Amino acid sequence: MGIMTGKKGVIFGVSNKRGIAYAIANELATAGAEMAFTYAGDMMKDRVTPLATELGSDLIVPCDVQDDQQVKAVFDAIHQKWGALDFVVHAVAFANREDLEGDFSKTSRDGWDLALGVSAYSLVSMSRYAKPLLRDGGSIVALSYLGAEKSVPNYNVMGVAKAALEASVRYLAAEFGEMGVRVNALSAGPIKTLAAKGIKGFDVLLKINEARAPMRRNTSLEDVGRAGLYLCSHLSSGVTGETHHVDGGYHSIATTKMDALIVGIDPTTTNASH
């Protein structure tokens, strides 16, 4: 028996096997969890259904997260089938391609509203409808990225959306804590997923992360999948309101030896000043 045996949850945002949402879902399924999945539109239904079926799910529900009634319908279906819920994974984000390159100040009002609505407000909506179903010990996990905390080239409005997402996590954690339900964000390092292809210069980000991260490697889908399992399970029973970084330590670095070498300084021979 796995650590999630008997636990039931819903995953928003699975679209292919090379995505973070699928990596988390796979770890949860391996650990014994029973899951529901959502899809947006008929094209995504054809992609998501075989993945969900492979992971043992028979509850696959349409959901456009911009429509609160569709979000509510997901949790109505869960209530009808299971009666209660143990975890929710929010892996939904979107921004117009033109808002993910060039000058941030050129972000359109419509582009701003779209990115923050899909990527951040949807967590609030999901949490509202999940609240009556979540059991004591339950967990809500949202996927974020370092662009929420620091500027990242060509991340632009999505960085603002992720910052709003992380702030929402903290406020929801304060609200849901009295129920014994935890709310956390999982901030993964750059991973070569289909979604990442929408970020201009993403291959450069991968190379920089690998060179500068303390672990000197990029984050793997397995790394993030296991972290998602941790946050959904009782193993993180005392953790809430947290942004949990899975990026090889990249978020903790200001400068490295490599940075010193770039500017012509040998860090092994330079005396430190106090």
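The values are calculated or read from the model by the stated rules, or taken from the named source; none is laboratory data. The shown structure was predicted, so the numbers you read here are calculated from the model rather than taken from an experiment. All Cβ positions, glycine included, derive from the backbone under ideal geometry; neighbour counts span all protein chains shown.
So for the stretch 150-160 (the condition being under 23 Å from Ser236 (Cα atoms) and under 19 Å from the mean Cα position of the chain (by Cα)), does at least one residue qualify?
no
Are any residues in the stretch 20-46 part of a helix (DSSP H, G or I) and either touching a helix residue (DSSP H, G or I) at 6+ places or on another chain (Cβ under 9 Å) or modelled with pLDDT of 95 or more (or both), and if so, which ones? Quick ask: steps written out before the conclusion?
First pass over the stretch 20-46, keeping only residues part of a helix (DSSP H, G or I): 20-30, 42-46.
Passing the criteria: Ile20, Ala21, Tyr22, Ala23, Ile24, Ala25, Asn26, Glu27, Leu28, Ala29, Thr30.
Just give me the residues in the stretch 92-116 being in a helix (DSSP H, G or I) and buried (at least 16 other Cβ atoms within 10 Å of the Cβ), in sequence order.
Across the stretch 92-116, the qualifying residues are Asp99, Leu100, Gly111, Trp112, Leu114, Ala115, Leu116.
Taking Phe87 as meeting all but one of (1) at pLDDT below 95; (2) surrounded by 14 or more Cβ atoms within 10 Å (Cβ to Cβ); (3) of a type outside the set (Gly, Ala, Ser), write down the number of the exception.
Single failed check for Phe87: (1).
This table checks each residue for (1) in a helix (DSSP H, G or I); (2) out of contact with any Cys (no Cβ under 8 Å at 6 or more places or on another chain); (3) at pLDDT 80 or above.
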position: Asn218; (1), (2), (3): no, yes, yes
position: Gly225; (1), (2), (3): yes, yes, yes
position: Val239; (1), (2), (3): no, yes, yes
position: Thr255; (1), (2), (3): no, yes, no
position: Gly264; (1), (2), (3): no, yes, no
position: Thr268; (1), (2), (3): no, yes, no
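Look at Gly41 and say whether it is exposed (fewer than 14 other Cβ atoms within 10 Å of the Cβ), more than 18 Å from Ser233 (Cα to Cα), out of contact with any strand residue (DSSP E or B) (no Cβ under 7 Å at 6 or more places or on another chain) and not aliphatic (A, V, I, L, M). Before you say what the answer is, go through the steps one by one.
Numbers: exposed (fewer than 14 other Cβ atoms within 10 Å of the Cβ): yes; more than 18 Å from Ser233 (Cα to Cα): yes; out of contact with any strand residue (DSSP E or B) (no Cβ under 7 Å at 6 or more places or on another chain): yes; not aliphatic (A, V, I, L, M): yes.
Yes, satisfied.
Restricting attention to the stretch 150-164, report how many residues are under 29 Å from Gly137 (Cβ atoms) and either touching a Phe, Trp or Tyr at 6+ places or on another chain (Cβ under 9 Å) or touching a residue at least 60 places away in the same chain (Cβ under 8 Å) (or both).
The total comes to 2.
Criterion first (free of Cβ contacts under 8 Å to residues at least 40 places away in the same chain, part of a strand (DSSP E or B) and not hydroxyl-bearing (Ser, Thr, Tyr)) does Phe87 satisfy it? Write out each step before concluding.
Details: free of Cβ contacts under 8 Å to residues at least 40 places away in the same chain: no; part of a strand (DSSP E or B): yes; not hydroxyl-bearing (Ser, Thr, Tyr): yes.
In short, no.
List the number of the failed condition for Asp68; all other conditions in (1) within 20 Å of Ala164 (Cβ to Cβ); (2) crowded, with 17+ Cβ neighbours inside 10 Å; (3) touching a helix residue (DSSP H, G or I) at 6+ places or on another chain (Cβ under 6 Å) hold.
Evaluating Asp68 over (1) within 20 Å of Ala164 (Cβ to Cβ); (2) crowded, with 17+ Cβ neighbours inside 10 Å; (3) touching a helix residue (DSSP H, G or I) at 6+ places or on another chain (Cβ under 6 Å) leaves (2) as the failure.
Given the structure, is Ala31 crowded, with 23+ Cβ neighbours inside 10 Å, within 15 Å of Val89 (Cβ to Cβ) and in contact (Cβ under 8 Å) with a residue 60 or more places away in the chain?
no
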